[in-house]
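Have a look at this one before I ask anything.
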Amino acid sequence: ADQLKNYEIGWKTQWFGHTLRWNGAIFLEDWNNFQFLYLGPNSVTVVQNAASAQIKGLETELEWAAGGGFVLSGGATFLHAVTTANYCGPNATIPGTTQLSTNCPNQVNSYAVGNSPNGPEAPSGTRLPVAPKVKLNLVARETFPVGDWQGFVQASGMYQTSTTPLLRLIDQQTIGDMPAYALFDASGGMQKKGLSLQVYLSNVFDKNAQLTRFVECTTTTCNQPYIIPTQPRTVGIKFGQK
């Protein structure tokens, strides 16, 4: 089993006659024996405990009712998520025990792909996978009457920094990082007495952002990365009744 200890302090506030709400939290997480996945022999998924990691972070959200039906809201997350001990590999156990060793500065890693770094497979200070350092979002929404209907228009955007797909250095070097990206959506519609009609445009600028990367077999054998992208620009109409 892994063990996570979380230390957190947060705040919930309202300002200017409850028209502005600002919430947030600062946290520190100590994660021991955390579990991660990788493709092992014969491309079978292996679940193993690494040593330990620490995550320092700040998350905050802001919502402003500016008046006249206009609401602006946004959020931000800042993370520093790294290992705090060496991961030497699945076979690097302390002699006479089943406990993984964290002391392997001169370890030689030899793989078929030929690009494996020596030493720990994930040294202390390695970024945790799929955890961006910064993630931001912003939503602007305006509501207004359209005859006896309630209409709205909305624009939203999000941004996140680059991430690594997997923990081990061999996996990161073979598959590569997922680059930073920003996405924008827009929509508008009307509703009345349980009826709703909405027109939406997602991924306005048709960005080919990367959600994940992978190889078809273990990265110590295969070195051709494949990419799962975001949905391309999409225009749609939604109709609903409650």
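The values are calculated or read from the model by the stated rules, or taken from the named source; none is laboratory data. Computed from a predicted structure; not experimentally measured. Backbone-built Cβ (ideal geometry, glycine too); neighbour counts: all protein chains shown. Note: areas computed on protein heavy atoms with side chains; ligands, DNA, RNA excluded. Shrake-Rupley method; radii C 1.70, N 1.55, O 1.52, S 1.80 Å.
Conditions tested, residue by residue: (1) over 21 Å from the mean Cα position of the chain (by Cα); (2) open to solvent by less than 40 Å² (accessible area, probe 1.4 Å); (3) modelled with pLDDT under 90.
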site	(1), (2), (3)
PRO95	yes, no, yes
CYS104	yes, yes, yes
TYR111	yes, no, yes
GLY114	yes, no, yes
ALA122	no, yes, no
LYS133	no, no, no
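Output the residues belonging to segment 1-16 that are closer than 30 Å to ALA65 by Cβ and either among the aliphatic types (A, V, I, L, M) or open to solvent by less than 90 Å² (accessible area, probe 1.4 Å) (or both).
Listed by number, the residues that qualify are ILE9, GLY10, TRP11, THR13.
If I ask for residues that are modelled with pLDDT of 95 or more and more than 21 Å from LYS5 (Cα to Cα), which ones from segment 23-59 would you list?
Once the filter is applied, which keeps residues that are modelled with pLDDT of 95 or more and more than 21 Å from LYS5 (Cα to Cα), segment 23-59 yields only ASN23.
While we're looking at this one, here's another question. Tell me, which residue of segment 146-161 that is open to solvent by 40 Å² or more (accessible area, probe 1.4 Å) and of a type in the set (Gly, Ala, Ser) is farthest from HIS80 (Cα to Cα)? Explain how you work it out, then say what you get.
First pass over segment 146-161, keeping only residues open to solvent by 40 Å² or more (accessible area, probe 1.4 Å): 146-150, 153-155, 158-159.
From what's left, of a type in the set (Gly, Ala, Ser): 147, 155.
Numbers: GLY147: 50, ALA155: 30 Å.
Here the residue is GLY147.
Scan PRO129, PRO105 and give me the residue that is closer than 28 Å to THR219 by Cβ, touching a residue at least 60 places away in the same chain (Cβ under 8 Å) and not in a strand (DSSP E or B).
On inspection, the qualifying residue turns out to be PRO129.
Tally the residues that are open to solvent by less than 20 Å² (accessible area, probe 1.4 Å) and within 18 Å of the chain's Cα centre (by Cα), restricting the search to segment 177-202.
1
Do you know which residues across segment 72-88 are within 12 Å of THR126 (Cβ to Cβ), in a strand (DSSP E or B) and of a type in the set (A, V, I, L, M)?
Of everything in segment 72-88, those that are within 12 Å of THR126 (Cβ to Cβ), in a strand (DSSP E or B) and of a type in the set (A, V, I, L, M) turn out to be ALA81, VAL82.
How many of the residues in segment 155-196 are basic (Lys, Arg) and touching a residue at least 12 places away in the same chain (Cβ under 8 Å)?
2
Pick out the one residue from ASN208, ASN223 that is closer than 30 Å to VAL46 by Cα and either open to solvent by 50 Å² or more (accessible area, probe 1.4 Å) or in a strand (DSSP E or B) (or both).
Of ASN208, ASN223, the one residue that is closer than 30 Å to VAL46 by Cα and either open to solvent by 50 Å² or more (accessible area, probe 1.4 Å) or in a strand (DSSP E or B) (or both) is ASN223.
Restricting attention to segment 135-145, which residues are over 16 Å from ALA65 (Cβ atoms) and open to solvent by less than 80 Å² (accessible area, probe 1.4 Å)?
Result: LEU136, ASN137.
VAL82 fails exactly one of the following numbered conditions: (1) of a type in the set (A, V, I, L, M, F, W, C); (2) farther than 26 Å from GLN210 by Cα; (3) in contact (Cβ under 8 Å) with a residue 40 or more places away in the chain. What is the number of that condition?
Going through (1) of a type in the set (A, V, I, L, M, F, W, C); (2) farther than 26 Å from GLN210 by Cα; (3) in contact (Cβ under 8 Å) with a residue 40 or more places away in the chain one by one, VAL82 breaks only (2).
THR234 - would you say it is touching a residue at least 24 places away in the same chain (Cβ under 8 Å), hydroxyl-bearing (Ser, Thr, Tyr) and more than 30 Å from SER52 (Cβ to Cβ)?
Yes.
A further question on this structure: Would you check if ALA81 is among the hydrophobic types (A, V, I, L, M, F, W, C), at pLDDT 95 or above and surrounded by fewer than 17 Cβ atoms within 10 Å (Cβ to Cβ)?
It is false that ALA81 is among the hydrophobic types (A, V, I, L, M, F, W, C), at pLDDT 95 or above and surrounded by fewer than 17 Cβ atoms within 10 Å (Cβ to Cβ).
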